[in-house]
Amino acid sequence: MAFEGLTEKLNAAFQKLKSRGRITESDVKDAMRAIRVALLEADVNFKVARDFIQKVSERAVGQNVLESLTPAQQVIKIVNEELVSLMGSQSAKIKMASSPPTVVMLCGLQGAGKTTNGAKLAGMYKTRENRRPLLVACDVYRPAAVEQLKVVGKKLDVPVFSIDGEKDPVKIAREAVSHAKAHGNDIVFLDTAGRLHIDEEMMDELKRIKAAVSPNEILFFVDAMTGQDAVNAAAAFDGALSVDGVFLTKLDGDARGGAALSVRAVTGKPIKFCGVGEKLDQIEAFHPDRMASRILGMGDMLSLIEKAQLDFDEKKALELEKKMRTQRLTLTDFYDQLVQMKKMGSLQDIMGMVPGLNAKALKNASVDEKQLSHVEAIILSMTVAERENPSIINYSRKKRIASGCGLKIEEINRLLKQFEAISKMTKQLSSMQKKPGRKFGGFNGPGGFKLPF
Ligand SMILES: Nc1nc2c(ncn2[C@@H]2O[C@H](COP(=O)(O)OP(=O)(O)OP(=O)(O)O)[C@@H](O)[C@H]2O)c(=O)[nH]1
Ligand SMILES: [Mg+2]
């Protein structure tokens, strides 16, 4: 994995600090020197490393770290926060066009990973965002380039646009956009040709493509393994084309990580995605906060949690979909959903422990604990028969349930109303013909079936 060396050296520096009870200014200076060397050895641009150390040192002095009870932890915290801000503070997405198609132009040096990762992007937008991508073969130089794109397109079931024998990539790009408009492709990825080194001819070609189709997004692809050269290339591409974002590839390799840490600082452009393997699903949105915890050796906990959550939801959602189609939704199912949401509550606790996670994201993920516990109490006070068939719940049953859970009858009525609304939607869904290509009926988005509050 990338960053191993850096992680090791940073931890050695922190360990040294931790081993002292009280630390002095010269201990901090030593630590800063060690961090600076670690950054440079990881191929971080020297100006970036210098600025970084300066910021961390200033903050460490300004916040009276030395007087605090846990000085080493304070230093680690500051380093973490500065790493996050170095890499961009928050994750960024592709800007979508107000009227489709969104045109994304992929550029970068030869072998950077444009074709492979461009395909990954198309696959991601297709499956996760329900888009209809089009891959476009603008590389007319390398003999096998068009074929390579067709192979990956086929694997992902994403159409590939090419013009046999056409030697003008500008014309291909222009016709591809018209083709997309005519065929309902709402996001277009232009796979351009790379060159070994930056040369005028290539830049000129890219500029002409840009002028011809005015892409909504120009993504610069950079191989994380290439270190300093990557930074120079990024600056050159940005100067010529004014790129919108960076796609960092091959982060799974033993890259020293300098590119990830410098590219954003040097160009001011955010890293939006990263490639983490040769397979076509090995793509991740780039999260600076997560990357910082990865670098500091705290593991990429959030990505793991997110993945587990995704798998879990998908299974549950499939079960529910089956239920919905057979029109047999019960309060027991409702209750299962509740338990799932409660699990997210504990997930929130875990997230709270991850350094660098912003408070706003945590707040957005929060659920109203009180409301949830009421619904839970009501359902638990029902008999199995009532849960399976809520229509039998008459006034006297309601009174019994209310006294069982210690809540008012109004609360029980409210829950039953919500449940009825869901059941209605369920019936509508099941009577609707299933649209091809859409996994779940439509109202239960990627998070699966949702409770109505
Ligand atoms: N391990 C790993 N390999 C990758 C990743 N992305 C791309 N590769 C590999 O890198 C090589 C080059 O990738 P391409 O997608 O062909 O690169 P390109 O930028 O299109 O290259 P040109 O078209 O020649 O300019 C291929 O062998 C890919 O399989 C990644 O994230 N991890
Ligand atoms: Mg290519």
Problem - Unmet criterion (only one of (1) buried (at least 20 other Cβ atoms within 10 Å of the Cβ); (2) not in a loop (DSSP other than H, G, I, E, B)) for VAL44 - result: (2)
Handout entry: Count - residues of region 1-41 that are in contact (Cβ under 8 Å) with a residue 40 or more places away in the chain and small (Gly, Ala, Ser)
Key = 3
Fill in the blank from the handout: Only one of (1) modelled with pLDDT of 95 or more; (2) away from ligand 1 (no atom under 13 Å from the Cβ); (3) not aliphatic (A, V, I, L, M) does not apply to PRO169, and that is (2)
Problem - One residue from LEU121, LEU134 being surrounded by 22 or more Cβ atoms within 10 Å (Cβ to Cβ), within 16 Å of ligand 1 (Cβ to nearest atom) and at pLDDT 95 or above - result: LEU121
Problem - Residue check for ILE163: surrounded by fewer than 22 Cβ atoms within 10 Å (Cβ to Cβ) and among the aliphatic types (A, V, I, L, M) - result: yes
Exercise for the section: For region 179-201, indicate whether the set of residues that are aliphatic (A, V, I, L, M) and within 11 Å of ligand 1 (Cβ to nearest atom) is non-empty. Expected result: yes
Handout entry: Failed item, numbered, when LYS126 is tested on (1) free of Cβ contacts under 8 Å to residues at least 60 places away in the same chain; (2) out of contact with any Ser or Thr (no Cβ under 8 Å at 6 or more places or on another chain); (3) within 16 Å of ligand 1 (Cβ to nearest atom)
Key = (3)
Problem - Elements of type helices (runs of 4 or more DSSP H) contained in region 56-163, each with 3 or more residues being more than 19 Å from PHE273 (Cβ to Cβ) and within 13 Å of ligand 2 (Cβ to nearest atom) - result: 145-156
Fill in the blank from the handout: Per the filter on region 109-118, residues surrounded by fewer than 20 Cβ atoms within 10 Å (Cβ to Cβ) and among the small types (Gly, Ala, Ser) are GLY111
Fill in the blank from the handout: The condition from (1) touching a helix residue (DSSP H, G or I) at 6+ places or on another chain (Cβ under 8 Å); (2) within 16 Å of ligand 2 (Cβ to nearest atom); (3) without any contact (Cβ under 8 Å) to a residue 60 or more places away in the chain that CYS274 misses is numbered (2)
Handout entry: Test set (1) surrounded by fewer than 17 Cβ atoms within 10 Å (Cβ to Cβ); (2) assigned by TED's automatic domain parsing to the domain that holds LEU219; (3) closer than 19 Å to ILE209 by Cα - LYS95 fails condition number
Key = (2)
Practice task
Considering only region 236-278, state which residues are surrounded by fewer than 18 Cβ atoms within 10 Å (Cβ to Cβ) and over 12 Å from MET87 (Cα atoms).
Solution key: ALA236, GLY239, ALA240, SER242, ASP252, GLY253, ASP254, GLY277, GLU278
Completion exercise
Across region 277-302, the tally of residues that are at pLDDT 85 or above and either within 16 Å of ligand 2 (Cβ to nearest atom) or more than 21 Å from ILE35 (Cα to Cα) (or both) stands at 11
Problem - Only listed residue being touching a helix residue (DSSP H, G or I) at 6+ places or on another chain (Cβ under 7 Å), more than 11 Å from ligand 1 (Cβ to nearest atom), of a type in the set (A, V, I, L, M) and touching a residue at least 60 places away in the same chain (Cβ under 8 Å), chosen from VAL231, VAL246 - result: VAL231
Practice task
Would you check if THR267 is over 18 Å from the mean Cα position of the chain (by Cα), over 24 Å from ASN11 (Cα atoms), within 12 Å of ligand 1 (Cβ to nearest atom) and among the β-branched types (Val, Ile, Thr)?
Solution key: no
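The values are calculated or read from the model by the stated rules, or taken from the named source; none is laboratory data. A quick note: this is a predicted structure, and the numbers were derived from the prediction, not measured. Ideal geometry is used to build each Cβ from the backbone, glycine not excepted, and the neighbour counts take in all protein chains shown.
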